[in-house]
């Protein structure tokens with residue numbers, strides 16, 4: 001872990017009350033996850049017991065304590081997506097990637113996650129790949145996305161239905 | 001990106017009085033008063049995910065190429081709410097509404113509509129039930145039956161251009177409150193209007209403000225609750241993305257009324273565009289001196305900060321949200337003391353929902369009299385619903401309180417897809433309940449929905465047809481609740497888990513006699529014993545669905561049948577021997593090789609291998625229709641199929 005980068009982030013929050021969550025968000029943005037050493041340094045910085053920092057880091061769904069894949073595949077499990085077959089999409093993705101939901105492929109290429117609701121309910125079912133929403137997803141299209149060269153597909157950027 | 005109407009130096013000019021604001025507005029309106037046409041491209045999250053960005057770029061590029069920039073403007077606007085047909089494009093001033101626009105359609109729209117005044121027929125909205133096409137947005141039934149007060153700017157105003165907002169009376173309500181009303185006068189106005197919290201619980205907004213105002217303190221806070229984690233609801237996202245200025249203006253008015261100097265917007269982590277637009281809006285308002293120190297020379301200071309949530313649904317509960325802002329785990333605490341008395345850092349804090357804040361400027365501008373005439377005697381004003389599920393027209397709809405569910409689903413939503421029969425509508429998300437057909441004429445309101453065993457909640461409306469299983473939906477919501485429970489109090493932590501387990505068993509055909517009674521008993525315990533609203537309301541989907549659809553639960557438990565054919569363990573695919581032509585299609589398509597047979601040999605499904613994916617049924621030619629999906633114990637298969 002790059003201590004220099006971490007210190008740079010911490011400096012911004014010097015003297016700010018209640019900034020633990022914002023710090024964790026910034027650190028995760030920088031490193032992709034929350035390395036254990038970083039959590040200890042943050043605890044020192046805020047003069048908090050490490051247990052409290054770990055407690056907060058494990059309470060919120062958006063914090064990750066281990067390295068994640070280059071591409072994050074989040075399959076929306078909101079209500080509208082649920083009735084339009086989101087569970088099947090999750091099963092398909094698990095099968096294609098060979099991992100369970102919440103896991104990362106051994107080559108660190110993909111992480112598979114379920115997400116509560118993306119707010120794209122009128123275009124259900126929705127899948128979020130990195131920061132892009134793909135709407136009205138079908139198992140076939142998902143298969144195409146996950147087995148093809150994702151970088152190339154994203155470059156063409158045609159998430160049309 | 002709006003057209004830069006005013007040059008940069010003038011922008012640096014602060015708005016230091018009500019007159020200055022009015023002057024700027026008049027100048028902006030005069031500068032924009034031309035007869036030129038405008039293309040309004042919706043750039044809400046949903047339309048962007050359908051490709052709106054490339055459509056907008058194509059318009060800009062091609063109009064530039066044709067040197068038509070003087071005559072045709074391209075404006076990014078917020079969400080029309082009709083996300084199903086995105087990307088949406090409106091040609092103003094006529095109001096021609098195009099759907100599913102791709103960048104390939106752009107040249108045609110320019111040459112036909114913008115230059116020749118002709119309509120591109122195929123891009124018009126077509127009513128799926130009647131096949132009738134509509135030219136103008138205002139005529140489309142989806143929009144016609146709505147009453148858009150909170151959403152009035154969505155689809156018209158550029159969400160990233162404060163001047164565009166100022167043109168449509170933006171910040172006028174704030175200026176009037178600040179320079180012409182006392183804080184007590186503002187609170188009285190809100191009280192008189194009858195506005196109730198739009199986050200779901202419906203607490204009178206004016207009383208909340210008054211409590212915070214009357215509690216002695218050295219500092220007070222305004223918090224905007226944008227932690228819209230409700231699955232199936234996206235009105236707050238849309239308002240924050242499409243009309244961020246109304247939200248901050250509402251907060252500014254609240255800040256003045258309760259004498260707070262700091263506002264915080266807590267935004268759901270999954271809404272990056274909302275964060276982006278709100279940050280922009282705050283920066284622009286600060287630039288113009290509408291936020292900051294000594295606003296309009298009145299001595300009133302107000303600043304707004306954005307805090308991104310970290311993915312905890314429970315943080316939508318006000319005390320949990322406050323804990324989260326303080327940097328702690330978001331666990332609710334018992335109330336009282338209410339946040340209006342003791343909130344953030346122990347100070348009086350007003351926590352209101354996005355929609356509530358966005359309503360406030362409209363009330364101050366038009367008066368409480370005007371607002372209190374909208375709606376019913378009990379419920380004033382309008383409510384935004386996110387209409388999703390098996391209806392034709394899905395999206396955001398704003399209707400007057402007291403509108404019936406039937407009007408929303410059939411008149412606005414266009415009815416059930418494929419003309420299938422309606423089964424139920426789930427209102428209020430994980431805290432709400434299922435409402436059956438016999439109650440469709442129920443007028444929407446906080447109390448009327450509660451009487452029917454549901455809640456208004458944040459306004460999710462999930463429409464279900466016969467293909468949606470009620471037990472499966474109840475299981476879904478309890479799965480959500482047990483996942484999102486913060487784990488602090490045992491009724492919620494253990495109760496939701498056990499209820500989920502029982503429901504999961506029922507949908508898997510492992511239900512036992514007595515399950516319904518245990519579910520109801522647990523529901524009662526959760527309702528009485530939980531610390532916060534999440535636990536207290538989490539049994540609602542179960543209790544209401546047992547109340548109206550008990551028969552379906554019993555079928556699952558006693559007969560192992562799912563009439564909606566949605567619970568996989570309870571269904572079987574089967575090939576009718578007398579219809580099968582042994583064409584090998586399903587045999588080849590089956591992903592797990594579960595179909596036995598050969599050419600000239602009638603096919604059969606090996607139930608032990610079948611994963612119930614339904615592929616065989618999809619590939620079987622309609623003229624054969626040999627594959628059927630049936631429910632019930634597998635032993636009955638033979639006699640049923642033949």
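Computed from the coordinates by the stated procedures, all read-outs in this text should not be read as laboratory data. Keep in mind that this is a model prediction, so the values were computed, not measured. Methodologically, a virtual Cβ is constructed for each residue, glycine included, from the backbone with ideal geometry; neighbour enumeration extends over all protein chains shown.
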message = Need one word for the stretch A:3-59: rounded, prolate or oblate. Basis is the Cα gyration tensor (sqrt eigenvalues a ≥ b ≥ c); a/c below 1.5 gives rounded, then a/b vs b/c decides.
response = rounded
ask   = How big is the C-alpha Rg of the stretch B:275-317 next to the rule-of-thumb value 2.2 N^0.38 Å, as a ratio?
value = 1.50
inquiry  = Give me the tail of P(r) for the protein assembly as shown as a percent: Cα-Cα pairs with distance above 45 Å.
reply    = 26 percent
request  = Please express the Cα-Cα pair-distance distribution P(r) of the stretch B:271-391 as a list of whole percents, one per 5 Å bin, running from 0 to the bin with the greatest distance.
outcome  = 2, 8, 12, 15, 18, 19, 17, 8, 2, 0, 0
request  = With springs only between Cα atoms under 10 Å apart, run a GNM on chain A and tell me which of A:60, A:33, A:110 wobbles the most.
outcome  = A:60
ask   = Just counting partner chain Cβ atoms within 10 Å, what average do the residues of peptide B:86-92 show around their Cβ?
value = 1
task = Counting residues in the stretch B:49-91 as N, plug N into 2.2 N^0.38 Å and put the Cα Rg over that result.
result = 1.25
task = Compute the FRET efficiency between residue B:13 and residue B:184 as 1/(1 + (r/R0)^6), taking r as their Cβ-Cβ distance and R0 = 35 Å, and round to the nearest 0.05.
result = 0.60
task = Could you run the Debye sum over the Cα atoms of the stretch B:365-408, one equal point scatterer each and no solvent, and tell me log10 of I(q)/I(0) at q = 0.23, 0.32 Å⁻¹, two decimals?
result = -0.80, -1.14
key: Extended-chain gain in nm, criterion 0.36 nm per residue less alpha-carbon gap, residue B:550 and residue B:624   = 23.0 nm
query = Between residue B:610 and residue B:27, what is the FRET efficiency for a Förster distance of 56 Å, r being their Cβ-Cβ separation, to the nearest 0.05?
reply = 0.20
key: Rg and Dmax [Cα atoms of the stretch B:382-465; Å; Rg one decimal, Dmax integer]   = 11.1, 33
key: Inter-chain shielding of A:82-89 (mean C-beta neighbours from other protein chains, 10 Å cut-off)   = 5
key: Gain in span if fully extended, residue B:599 to residue B:370, counting 0.36 nm per residue against the direct Cα distance   = 75.0 nm
key: Spherically averaged projected area of the stretch B:512-593 from its Cα convex hull (nm²)   = 8.7 nm²
request  = Return, for the Cα atoms of the stretch B:466-509, the radius of gyration and Dmax in Å, separated by a comma.
outcome  = 11.1, 38
inquiry  = Counting other beta carbons within 10 Å of each residue's own, what order do B:536, B:401 fall into, fewest first?
reply    = B:536, B:401
message = With an 8 Å Cα cut-off and a minimum separation of 6 or more residues, compute the relative contact order for chain B in percent.
response = 11 percent
key: Approximate spin-label separation residue B:279-residue A:105, in nm, with each point projected 7 Å along Cα-to-Cβ   = 3.1 nm
query = Based on the alpha-carbon gyration tensor of the stretch B:470-559, what equivalent-ellipsoid semi-axes (square roots of 5 times the eigenvalues) come out, in whole Å, largest first?
reply = 22, 12, 11
message = What does the C-alpha gyration tensor say about the overall shape of chain B? Classify as rounded when a/c is under 1.5, otherwise prolate if a/b is larger than b/c, or oblate.
response = oblate
inquiry  = Using only the Cα atoms of chain A, what are the Rg and Dmax in Å?
reply    = 18.0, 52
request  = Return the tail of the calculated pair distribution for the stretch B:156-290, meaning the percent of Cα-Cα pairs more than 22 Å apart.
outcome  = 40 percent
remark   = Extension length gain for residue A:17 and residue A:40 (0.36 nm per residue less Cα distance), in nm, is 6.4 nm
ask   = When averaged across all projection directions, what area in nm² does the alpha-carbon convex hull of the stretch B:568-641 cover?
value = 4.4 nm²
